[in-house]
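Each reported figure results from applying straightforward, stated rules to the coordinates on display, with no laboratory input. Worth saying up front: this structure is predicted, and the values here are computed from it rather than measured. Using ideal geometry, Cβ is built from the backbone for each residue, glycine included, and neighbour counts are taken over all protein chains shown.
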Amino acid sequence: MKRAGKIRFLKPDLKSRLGEIDVESGTVLMEALLAAGLPVASSCRGDGVCTKCRLHVRVLEPNAVSPVTSHEKGLLERIHAENDERISCQTEVHGLIEVDAPYW
Ligand code: FES
């Protein structure tokens, strides 16, 4: 059986407004957020080039997100990302996570 992905929000107002977003396992994080009506910064529209879609991601259960690929690792290094940051257009959701962006 396919495991469900679930996205929570760190900020209380988003938490109360959106609750948790249920997604099919393997859904791209950026696409899930856009579908929920949240803005996600981007100038490459998910092509894995601009790094603007970076988000803070807390993994709340094992293997809840796809592993960092060598391509994403290169992007994260280029922007000196913090340890909990992921490039959301390069990240699949497979379980429970909590996300945050500075502009939400
Ligand atoms: S949207 Fe440009 S790298 Fe993700």
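At a glance:
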| item | result |
| --- | --- |
| Separation in nanometres of the label points that stand 7 Å from Cα toward Cβ, at residue 83 and residue 69 | 2.6 nm |
| Under 12 Å from the Cα of residue 6 - aspartates and glutamates, other chains or at least 8 residues apart | 20, 22, 24, 61, 92, 98 |
| Percent antiparallel among DSSP beta bridges (both partners in segment 4-100, rounded to 5) | 80 percent |
| Under 9 Å, Cβ to Cβ, from residue 58 - net charge with Lys/Arg +1 and Asp/Glu -1 | -2 |
| Quarter of the Cα convex hull surface for segment 45-86, i.e. its orientation-mean projected area (nm²) | 3.1 nm² |
| Aspartates and glutamates whose Cα lies under 12 Å from that of residue 52, excluding same-chain neighbours fewer than 8 positions away | 85 |
| Cα-Cα P(r), the chain, percent of pairs per 5 Å interval | 2, 14, 26, 27, 20, 9, 2, 0 |
| Residue range of the chain that is longest and free of GluC sites (Glu not before Pro) which are both DSSP loop and sparsely packed (at most 16 other C-beta within 10 Å) | 21-81 |
| Mean separation of Cα contacts under 8 Å (6+ apart) over length of the chain, as relative contact order % | 39 percent |
